[in-house]
Amino acid sequence: MDDPIQNLDKIDIIGERKDGGVDLVIVVSSALTDSEYHEQLLKTKIQGYTDTIFSDEWISKYGQGTSDIYIKAQVMPGQEMINLIGAIKNHLKEFNVDLWLEVA
């Protein structure tokens, strides 16, 4: 079975908004459980996204405080994972980055 979060060193989807902002999407292709392994996958993927958002190249192209990260999941993650996402969301707000969880 494949991991629910893949290509940890790549951005899955980037969309430029008409207002000049940028949406980055993390695709979660199967159930994201409360396991430490899945938590680490998510943390690693989000870290890669934030490293990109705060890179000189990104800032020169899009500016600062214009990027949002969306976690697109097929099924609702477990409660511990939701709590983790909430904690990361609060942390990223300090840096003007919004983190959203959307379940299809």
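Since every read-out is calculated from the coordinates, none of them should be taken as a lab result. Note that the coordinates shown come from a computational prediction; the quantities given were computed from them, not determined experimentally. Cβ placement follows ideal geometry from the backbone for every residue including glycine, while neighbour counts extend to all protein chains displayed.
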ask   = Can you find even one residue in segment 26-37 that is within 17 Å of Ala87 (Cα to Cα) and small (Gly, Ala, Ser)?
value = yes
message = Among the residues that make up segment 43-53, is at least one of them under 13 Å from the mean Cα position of the chain (by Cα), closer than 15 Å to Asp3 by Cβ and without any contact (Cβ under 8 Å) to a residue 40 or more places away in the chain?
response = yes
key: Where a residue in segment 82-100 is without any contact (Cβ under 8 Å) to a residue 40 or more places away in the chain and its partner, wherever it lies, is surrounded by 13 or more Cβ atoms within 10 Å (Cβ to Cβ), with Cβ under 6 Å and at least six apart   = Lys89/Leu99; Asp98/Asp68; Trp100/Tyr70
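If a residue has to be outside any loop (DSSP other than H, G, I, E, B) and basic (Lys, Arg) to count, how many in segment 1-19 make the cut?
Step one: of segment 1-19, the residues outside any loop (DSSP other than H, G, I, E, B) are 13-16.
Next, from what is left, pick out any that are basic (Lys, Arg): none.
Residues that pass the stated criteria total 0.
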key: Residue count for segment 59-76, restricted to those that are within 12 Å of Trp100 (Cβ to Cβ) and basic (Lys, Arg)   = 1
query = What is the residue count in segment 64-86 for residues that are in contact with a strand residue (DSSP E or B) (Cβ under 8 Å, 6 or more places away or on another chain) and surrounded by fewer than 16 Cβ atoms within 10 Å (Cβ to Cβ)?
reply = 4
message = Can you go through Asp68, Asp34, Asp56 and tell me which one is acidic (Asp, Glu), closer than 21 Å to Lys10 by Cβ and touching a residue at least 24 places away in the same chain (Cβ under 8 Å)?
response = Asp68
message = List pairs: first residue in segment 1-24 and free of Cβ contacts under 8 Å to residues at least 24 places away in the same chain and closer than 20 Å to Gly78 by Cβ, second residue of a type in the set (Val, Ile, Thr) and not in a loop (DSSP other than H, G, I, E, B) anywhere in the structure, Cβ distance under 9 angstrom, at least six positions apart or on different chains.
response = Gln6/Val27
key: Criterion (touching a strand residue (DSSP E or B) at 6+ places or on another chain (Cβ under 8 Å), over 15 Å from Asp9 (Cβ atoms) and among the basic types (Lys, Arg)) met by exactly one of Lys89, Lys61   = Lys89
